[in-house]
Amino acid sequence: MPYRHGARTGFPMPVFSKAILAANGLWFWLLIGLFVFPSVAPAISGFAILLSIPIAVVLFVLALIALIKEKRKRWAIVSICLTLAVSFIALRHVTYWGALTHLYLHKRKYEIQAQKMLVAQDEAERRRICGEKCWLLSSDPGRVAFHYVHGFLNWHDIVYDPTGKIVALEDWDERKRFDTYFISAEHLTGDWYLGHFGD
């Protein structure tokens, strides 16, 4: 069939849906960056999950508007699904996945510092080793926590615990005897855990 000027040659994505999809992509990659490299923007990393809630609501509402207004519904449906998927990742998994990736990138350095911290004789020596970037969570048995993401009244640290018992602290009294601010922990890999703390 001969080409006619102005004829439709495909099914272009509506501009509104395209903008929503682009915003979702930007939101997703910013989250990944903030949790894999939290020291780049520590203030934002600490509040990224809370900030994700209004972002998710706005994008979801915009996607619903696109579903109502646009003639081609499929891209609006894709926008809704992508918004829900990124929201789920942001609220449920990004802290863990980010911590795991961050650990793999810095594991050798953390292992060396953890061993030095465990044999250090006093607090002054520990500060020379780590400064404010890590701290001795317990001395017997030895556990070291590395600052990861800190928010308002809650924080998440990467914990070196050769005993593995940190994940077995389920009773409230037991957790508070271990550390006043300790809430729970998740296993990352080997002797490494993601510890959740809060006031």
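At-a-glance table
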{"read-out": "Selection status of TRP155, under 14 Å from TYR96 (Cα atoms) and within 23 Å of the chain's Cα centre (by Cα)", "value": "yes"}
{"read-out": "Residue within the stretch 13-27 that is under 14 Å from VAL78 (Cβ atoms), part of a loop (DSSP other than H, G, I, E, B) and at pLDDT below 95 present", "value": "yes"}
{"read-out": "Residue identified as over 21 Å from the mean Cα position of the chain (by Cα), surrounded by 15 or more Cβ atoms within 10 Å (Cβ to Cβ) and either more than 18 Å from SER184 (Cβ to Cβ) or modelled with pLDDT of 90 or more (or both) among ALA145, ALA114, ALA124, ALA99", "value": "ALA114"}
{"read-out": "Members of the stretch 64-85 found to be of a type in the set (Val, Ile, Thr) and either touching a Leu at 6+ places or on another chain (Cβ under 8 Å) or at pLDDT 95 or above (or both), listed by number", "value": "ILE77, VAL78, ILE80, THR83"}
{"read-out": "Neighbours by Cβ (under 8 Å, 6+ apart or cross-chain): first from the stretch 91-116, among the hydroxyl-bearing types (Ser, Thr, Tyr); second loosely packed, with under 15 Cβ neighbours inside 10 Å and not in a helix (DSSP H, G or I)", "value": "TYR104/THR189"}
{"read-out": "PHE152 being under 30 Å from VAL61 (Cα atoms) and either outside any helix (DSSP H, G or I) or outside the structural domain of GLY25 (by TED's automatic domain parsing) (or both)", "value": "yes"}
{"read-out": "Test for GLY198: is it out of contact with any Gly (no Cβ under 6 Å at 6 or more places or on another chain), in contact (Cβ under 8 Å) with a residue 24 or more places away in the chain and within 21 Å of LYS116 (Cα to Cα)", "value": "no"}
{"read-out": "Any pair with Cβ under 7 angstrom, 6 or more apart, that starts in the stretch 148-162 at a residue that is under 12 Å from LEU194 (Cβ atoms) and ends at one that is assigned to a loop (DSSP other than H, G, I, E, B)", "value": "TYR148/PRO38; VAL149/PRO38; TYR160/ASP191; ASP161/ASP191"}
{"read-out": "Test: residue in the stretch 157-170 that is under 21 Å from ALA48 (Cα atoms), at pLDDT 95 or above and part of a strand (DSSP E or B)", "value": "yes"}
{"read-out": "Filtered residues of the stretch 152-181 (kept if surrounded by fewer than 21 Cβ atoms within 10 Å (Cβ to Cβ) and in contact with a Phe, Trp or Tyr (Cβ under 6 Å, 6 or more places away or on another chain))", "value": "TRP155, LEU169, ARG175, TYR181"}
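The values are calculated or read from the model by the stated rules, or taken from the named source; none is laboratory data. This one's a predicted model, so the numbers in the text were calculated from it and none came from an experiment. Methodologically, a virtual Cβ is constructed for each residue, glycine included, from the backbone with ideal geometry; neighbour enumeration extends over all protein chains shown.
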